[in-house]
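The structure follows.
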Amino acid sequence: MISRNIMMCSAILLAACAPQEAAEPVAAEAPSVHPVSGLEVVPLAVKSDGETFHFSVEVARTSAEQAQGLMFRTELGPNEGMIFPRNPPDIASFWMRNTPLPLDIIFVGVDGKIMNIAANTVPYSLESVSAAGQTSLVLEIPGGRAEELGIGPGDAVDWRDQ
């Protein structure tokens with residue numbers, strides 16, 4: 001009887017010490033945050049002539065975040081950018097003060113379609129570039145990227161607003 005109990009305890013101990021598959025931790029999906037700006041990063045798609053172009057964009061929501069924008073930034077990947085939601089919609093106007101990178105500034109109307117693009121803006125310029133009408137969103141991407149992809153007025157812009 002004693003040897004049977006010893007064998008049973010040994011089997012239990014061996015089972016406890018045997019390698020086991022770890023359960024996947026269940027964690028809430030945290031929003032992605034940009035390492036430089038600290039802003040939330042969300043997906044954005046531009047639909048143009050049957051193609052969809054995907055970008056990861058930082059969201060500048062507050063007036064302070066929008067005033068900062070991409071100032072002083074020296075790097076921006078080809079499929080990265082920043083968006084400036086306009087609530088309420090207005091006729092947006094931007095400049096390149098303290099911005100060392102040329103940008104394509106894309107003005108999106110209240111219908112979700114691109115109205116006009118200020119392409120390859122001049123770094124550090126104080127010249128204002130404006131929307132052609134009421135703007136619900138402004139998208140900034142690396143200068144020349146819109147032309148490279150064939151993105152233009154009339155194309156649809158889709159992003160998830162939270």
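Scan PRO85, PRO89 and give me the residue that is in a strand (DSSP E or B), open to solvent by 50 Å² or more (accessible area, probe 1.4 Å) and closer than 17 Å to VAL138 by Cβ. Give the derivation first.
On the way: PRO85 fails: open to solvent by 50 Å² or more (accessible area, probe 1.4 Å).
The match here is PRO89.
Which of the following residues is within 18 Å of PRO35 (Cα to Cα) and either surrounded by 19 or more Cβ atoms within 10 Å (Cβ to Cβ) or touching a Pro at 6+ places or on another chain (Cβ under 9 Å) (or both): LEU70, LEU137, LEU103?
Numbers: LEU137 fails: within 18 Å of PRO35 (Cα to Cα); LEU103 fails: within 18 Å of PRO35 (Cα to Cα).
None of the other options fit; the residue is LEU70.
Each row is one residue, and each column tells you yes or no for (1) within 19 Å of the chain's Cα centre (by Cα); (2) not acidic (Asp, Glu).
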| residue | (1), (2) |
| --- | --- |
| ASP90 | no, no |
| ARG97 | no, yes |
| ASN116 | no, yes |
| LEU149 | yes, yes |
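Moving on. Considering only residues of the stretch 107-124 that are open to solvent by 30 Å² or more (accessible area, probe 1.4 Å) and assigned to a loop (DSSP other than H, G, I, E, B), which is farthest from PHE55 (Cα to Cα)? Talk me through it step by step, then tell me what you get.
Filtering the stretch 107-124 down to residues open to solvent by 30 Å² or more (accessible area, probe 1.4 Å) leaves 110-111, 113, 115-117, 119-120, 122-124.
If we keep only those that are assigned to a loop (DSSP other than H, G, I, E, B) as well, we get 110-111, 119-120, 122-124.
Details: VAL110: 20, ASP111: 20, ALA119: 17, ASN120: 18, VAL122: 22, PRO123: 22, TYR124: 24 Å.
Within the stretch 107-124, the match that is farthest from PHE55 (Cα to Cα) is TYR124.
Restricting to the stretch 140-162, and then to whatever is more than 18 Å from GLY50 (Cα to Cα) and surrounded by fewer than 16 Cβ atoms within 10 Å (Cβ to Cβ), can you tell me which residue is modelled with the highest pLDDT?
GLY144
Also: MET7 is checked against (1) part of a loop (DSSP other than H, G, I, E, B); (2) at pLDDT below 95; (3) among the aliphatic types (A, V, I, L, M) and fails just one. What number does that condition carry?
Every listed condition holds for MET7 apart from (1).
Would you check which residues across the stretch 31-52 are of a type in the set (Gly, Ala, Ser), closer than 15 Å to ARG160 by Cα and assigned to a loop (DSSP other than H, G, I, E, B) and list them?
none
Being of a type in the set (A, V, I, L, M) and not in a strand (DSSP E or B) is the requirement here; does ALA64 meet it?
Values: of a type in the set (A, V, I, L, M): yes; not in a strand (DSSP E or B): yes.
Yes.
Here's another thing I want to ask about it. For GLU58, only one of the following conditions fails: (1) over 19 Å from ASP158 (Cβ atoms); (2) crowded, with 20+ Cβ neighbours inside 10 Å; (3) of a type in the set (Asp, Glu). What is its number?
Of the numbered conditions (1) over 19 Å from ASP158 (Cβ atoms); (2) crowded, with 20+ Cβ neighbours inside 10 Å; (3) of a type in the set (Asp, Glu), the odd one out for GLU58 is (1).
Rundown of residues vs (1) within 24 Å of ASP90 (Cα to Cα); (2) of a type in the set (Asp, Glu); (3) at pLDDT below 95; (4) in contact with a Ser or Thr (Cβ under 8 Å, 6 or more places away or on another chain), yes/no style:
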position: GLU24; (1), (2), (3), (4): no, yes, yes, no
position: PRO31; (1), (2), (3), (4): no, no, yes, no
position: VAL36; (1), (2), (3), (4): no, no, yes, no
position: LEU44; (1), (2), (3), (4): yes, no, no, yes
position: LYS47; (1), (2), (3), (4): yes, no, no, no
position: PHE53; (1), (2), (3), (4): no, no, no, no
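The values are calculated or read from the model by the stated rules, or taken from the named source; none is laboratory data. Because the structure is predicted, anything quoted here is derived from the model rather than measured. Cβ sites come from the backbone with ideal geometry, for glycine too, and all protein chains shown count toward neighbours. Only protein heavy atoms, including side chains, enter the accessible area calculation; ligands, DNA and RNA are left aside. Shrake-Rupley method; radii C 1.70, N 1.55, O 1.52, S 1.80 Å.
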